[in-house]
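Here the structure is laid out as structure tokens; the discussion comes afterwards.
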Amino acid sequence: MTNPIVRFAPSPTGRIHIGNARTALYNWLFARQHGGSFILRFDDTDKARSKEEFATGILADMAWLGIEPARVERQSARFADYQLVTEELKAKGLLYPCYESEDELERRRARRRARGLPPIYDRSALELSDGQRQKLEAEGKQPHWRFLLPNYKDDVLSIERTEIHWDDVFRGPQTVDLGSMSDPVLVREDGSWLYTLPSIIDDAAFGISHVIRGADHITNTGAQIAIFRALGYIPPAFGHHNLLTGSEGEGLSKRLGSLSLQGLREAGFEAMAVASLASLIGTSDAVEPIPDMAGLAQRFDPQKVSKSPARFNVAELDALNAKLLHGLSYDAVADRLTVPDGVDGALFWDAISGNLEKLPDADRWAEIVRSGAKPLIDDEDRDMVSKAVGLLPQDPWSQSTWMDWANAVKSETGRKGRALFMPLRKAVTGSESGPEMTKLLPLIGRKTVLARLS
Ligand code: GLU
């Protein structure tokens, strides 16, 4: 395969979630692996629901994930092209006007079901005479327009089984039957396009070689291949990955704020933890934190992606995020870490990184390094702690200071083990758990410890 061109095509009608990130990442990793390019296309034909703030937000989400689109396109800028193709299809008789209301369509579907027929559109609009159409329009009815699927021989009303085949990048050989589908509506009553036709026109215009998207589009693909062909385009290759669901198996809706990339970013998750989970879950690879995109690209293989939906669980993301942070070097976080003044950043990171679940947790330890903590002293330890204050080693402090101090307190009080170390830790940090004291104590420093304990 040489230099594939792929696209990620969200509608800017909301923020995108971790399931959309999977689609974006699979496109990006595929392009990276094969020396291809990635186009971000905003499917914003729905003028009422598309919002600039969502487009801007999605661009920020892509940048956060580390995806750099080679081009950004907007369908709203391409209506003239869609209009030309629409007229072409009408002229060929492949796009025909229909006047049924949604209620009427529902009644007809019910009648067909009752007769044991598949509930597909029966093409009755094709039987309207010019006069009948004019009358309907004179009554104020606007048509919606359907594409005439090539699922018949001579008579458009005798629909036959008509197979469309493709070799899916993720799922292998696929077959759909155009005979079991309704002619898709491409243009609404108000003249606006549904996503199908603009998507095909753009895929052809931008030279998209591989359409990689969620499995919810599999049935659309049959009709889309038929439309590509009707327009004289060679259809691209298609790949449909399994979808992510919530932990109960429910669909991830765009409105699910906490699972939006924005929500995850604001909650302090690492982009690479999200990217690792979004791309490795539901595959035969182990879900583990991969620190960079090159590592994910190396692992990515559509054959490894399972065919059934994968459940996404935020608890899994918590664990993955912590594991990722624990393995990161100071350099990898330096630009995002607030290090207390006068403290060596690498030493600070070395002291605290193993205790973080999320990077912003570092702020709590930075504050303790800066100005200590409110001591936590149990009644039975008061005496021991006040003796310990008098035994604090002199400056300069180093990583041996903690043990020097503890040994001095041990000799003086006879305490050992947990009864020795825990009260000292609680007195200095105000908490029962935290970073290794050998590393943390010298960063806090004698002056601050004394100030808090005296
Ligand atoms: N805008 C469509 C969607 O978000 C794009 C589908 C496709 O990739 O073709 O579902």
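Brief remarks follow.
- Elements of type strands (runs of 3 or more DSSP E) in segment 10-122, at least 1 residues being within 16 Å of the ligand (Cβ to nearest atom): 37-42, 71-74
- Flag for residue 26 being of a type outside the set (S, T, N, Q) and in contact with a His (Cβ under 6 Å, 6 or more places away or on another chain): yes
- Selection count where residues are assigned to a helix (DSSP H, G or I) and either open to solvent by less than 40 Å² (accessible area, probe 1.4 Å) or of a type outside the set (Gly, Ala, Ser) (or both), scope segment 144-182: 2
- Checking each residue of segment 340-363 against the condition of being free of Cβ contacts under 8 Å to residues at least 60 places away in the same chain, assigned to a loop (DSSP other than H, G, I, E, B) and of a type in the set (Val, Ile, Thr) gives no match.
- Where helices (runs of 4 or more DSSP H) sit wholly within segment 377-454, those with at least 3 residues that are within 48 Å of the chain's Cα centre (by Cα) occupy 401-413, 418-429, 437-444, 446-453.
- Entirely in segment 190-298, the helices (runs of 4 or more DSSP H) that have 1 or more residues that are among the hydroxyl-bearing types (Ser, Thr, Tyr), more than 14 Å from the chain's Cα centre (by Cα) and within 28 Å of residue 161 (Cβ to Cβ): 196-205, 218-230
- Check on residue 45, within 27 Å of residue 21 (Cα to Cα), at pLDDT below 95 and either surrounded by fewer than 17 Cβ atoms within 10 Å (Cβ to Cβ) or not charged (D, E, K, R) (or both): yes
- Residue within segment 124-136 that is open to solvent by less than 50 Å² (accessible area, probe 1.4 Å) and under 37 Å from the mean Cα position of the chain (by Cα) present: no
- Checked against the criterion of being surrounded by fewer than 19 Cβ atoms within 10 Å (Cβ to Cβ), of a type in the set (A, V, I, L, M) and at pLDDT below 95, segment 289-296 contains not a single residue that satisfies it.
- Residue ID - farthest from the ligand (Cβ to nearest atom), chosen from residues in segment 199-224 that are open to solvent by less than 40 Å² (accessible area, probe 1.4 Å), β-branched (Val, Ile, Thr) and over 19 Å from residue 302 (Cβ atoms): 201
The values are calculated or read from the model by the stated rules, or taken from the named source; none is laboratory data. Only a predicted model underlies this, so the values are computations on that prediction, with no experimental measurement involved. Cβ atoms come from the backbone with ideal geometry, glycine included; neighbour counts cover every protein chain shown. These area figures cover heavy atoms from the full protein model, side chains too; ligands, DNA and RNA do not enter into them. Shrake-Rupley method; radii C 1.70, N 1.55, O 1.52, S 1.80 Å.
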